[in-house]
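These notes are about the structure you will find just below.
The values are calculated or read from the model by the stated rules, or taken from the named source; none is laboratory data. This one's a predicted model, so the numbers in the text were calculated from it and none came from an experiment. Neighbour counts are summed over all protein chains in view; Cβ atoms, including those assigned to glycine, are modelled from backbone coordinates with ideal geometry. With ligands, DNA and RNA removed, areas are computed over all heavy atoms of the protein, side chains included. Shrake-Rupley method; radii C 1.70, N 1.55, O 1.52, S 1.80 Å.
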Amino acid sequence: MAKTSTTTQGLRAAIERSGYYPALVAEAVEAAVGGEPVRSYLVHQETTFDQNEVRRHVTVLVLTGNRFIVSHTDEQAADSTSPTPYATTSTESVKLDRISSVVVSRVVANPEQYTPGTPPREVVLTIGWGAVSRVDLEPAACGDPNCDADHGYTGSSTADDLSLRVSEAGDGPETVRQALAFAQAISEATADLTR
């Protein structure tokens, strides 16, 4: 990643601020971005509790002129495959014209008192490009409570490629603002492709 762009420098600084294996995460993201200028980014660290273990995970989203890049890094405790703790980093590069949906869900407190421009307390960003879908099926039924006929199944298919939740309480107001800025940038970039 060229260090000439302010946005690129901001991405590197955000990765370092996360404190989550910054050299490993930055190397993976830089390799995926290549020489393309960074238009927008979001770095999100998440801590989860798995039985008696604390696990950390970082997601880095990057928007370039042509691609959407997703990087995930997880740490694992020593197990039967590795006598020492280890981390797994993956990156996926998606052409912008493959993105089929960008959904931004905002949660605001006291909606009757909402003032435009007030940041929400929580944002869920969901981006779909058709790589992963979830199918939810259930037995179909009719309105007759005495009917015991087989009506087949009914269900829905949902794009489930990426869903990222940030909250003011857990991540801070700046991360919520960054999530909204990234959502707007990727929405605009995909809208430009349809014009």
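Restricted to segment 98-133, and to residues there that are touching a Ser or Thr at 6+ places or on another chain (Cβ under 7 Å) and open to solvent by 70 Å² or more (accessible area, probe 1.4 Å), the residue that is nearest to Val70 (Cα to Cα) is Ser133. Residue count for segment 23-36, restricted to those that are surrounded by 14 or more Cβ atoms within 10 Å (Cβ to Cβ) and assigned to a loop (DSSP other than H, G, I, E, B): 1. From the list Tyr20, Tyr41, the one residue that fits, being open to solvent by less than 60 Å² (accessible area, probe 1.4 Å), aromatic (Phe, Trp, Tyr) and outside any strand (DSSP E or B), is Tyr20.
Contact annotation: residue pairs with Cβ atoms under 6 Å, 6 or more positions apart or on different chains, pairing a residue in segment 108-126 that is within 20 Å of Asp171 (Cα to Cα) with a partner that is acidic (Asp, Glu), are Arg121/Glu168.
Just one of the numbered conditions (1) touching a Leu at 6+ places or on another chain (Cβ under 9 Å); (2) open to solvent by 30 Å² or more (accessible area, probe 1.4 Å) is not true of Thr7: (1).
Residues being among the hydroxyl-bearing types (Ser, Thr, Tyr), open to solvent by less than 70 Å² (accessible area, probe 1.4 Å) and free of Cβ contacts under 8 Å to residues at least 12 places away in the same chain: count how many of those fall in segment 48-82. Step through it out loud before you land on a result.
Quick first cut of segment 48-82, residues among the hydroxyl-bearing types (Ser, Thr, Tyr) only: 48, 59, 64, 71, 73, 80-82.
Those still in the list that are open to solvent by less than 70 Å² (accessible area, probe 1.4 Å) too: 48, 59, 64, 71, 73, 82.
Still in the running and free of Cβ contacts under 8 Å to residues at least 12 places away in the same chain: 48, 82.
Qualifying residue count for the region: 2.
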